[in-house]
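Enquirer: Submitted below is the structure of interest, expressed as structure tokens.
The values are calculated or read from the model by the stated rules, or taken from the named source; none is laboratory data. Not measured: the values here are computed from a predicted model. Here the Cβ is made from the backbone with ideal geometry for all residues, glycine too, and neighbour counts use every protein chain on show. These area figures cover heavy atoms from the full protein model, side chains too; ligands, DNA and RNA do not enter into them. Shrake-Rupley method; radii C 1.70, N 1.55, O 1.52, S 1.80 Å.
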Amino acid sequence: QVHIVESGGGLVQPGGSLRLSCAASGRGFSTYAMGWYRQAPGKQRELVARMTRGGSTNYADSVKGRFTISRDNAKNTVYLKMNSLKPEDTAMYLCNAETTMQSYWGQGTQVTVSS
């Protein structure tokens, strides 16, 4: 069982920045693929950024060049640094951990981009 807790969301003006954090339990954290997803009201959940256990990354086209995913295996934490935020980035951001056996989700942290 992997327990995930996200933090760092909030209200930010367009053009601003936020850093989301995702803490995951379990001694196997370094072997997990970790991802950030988001879901806006009335829309499907979409992948924002993902990092494999080997450090390979992929991003949604809409966030490339603005968002950066990183991980600290010593702290069992993955981060999402978001720059140049736009109103269309407003969503619930959810962290996902993929083990060899199962996929785990957190409860999410809300990001609202508005003036």
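Enquirer: Of all the accessible heavy-atom surface of the chain, with the other protein chains kept in place and a 1.4 Å probe, what percent is carbon and sulfur? Intermediate results must be reported in sequence, preceding the final value.
Expert: Working: 2890 of 6220 Å².
The C+S portion of the solvent-accessible surface of the chain is 46 percent.
Enquirer: Can you give the accessible area per residue of the chain, in Å², using a 1.4 Å probe?
Expert: Working: 6220 Å² over 115 residues.
In whole numbers, the chain has 54 Å² accessible per residue.
Enquirer: Okay, next question. Please identify which residues in the range 2-17 have an amide N closer than 13 Å to a label point set 7 Å out from the Cα of residue 115, following the Cα→Cβ vector.
Expert: Correct set: 13-16.
Enquirer: So for the pair residue 58, residue 101, with labels modelled 7 Å out along Cα→Cβ, what separation do we get in nm?
Expert: Simple spin-label model gives 2.6 nm for this pair.
Enquirer: When N counts the residues of the chain, how does its alpha-carbon radius of gyration compare numerically with 2.2 N^0.38 Å, as a ratio? List each step's numbers first, then the result.
Expert: On the way: Rg = 13.4 Å, N = 115, 2.2 N^0.38 = 13.4 Å.
Ratio of Rg to 2.2 N^0.38 Å for the chain: 1.00.
Enquirer: Evaluate E = 1/(1 + (r/R0)^6) for residue 68 and residue 5, where r is the Cβ-Cβ distance and R0 equals 30 Å; express this FRET efficiency to the nearest 0.05. Mind dumping the intermediate values first?
Expert: Working: r = 21 Å, r/R0 = 0.69.
Efficiency computed from Cβ-Cβ geometry: 0.90.
Enquirer: Label-point separation (nm) for residue 81 and residue 25, each offset 7 Å from Cα along Cα-to-Cβ?
Expert: Inter-label distance under the simple model: 3.0 nm.
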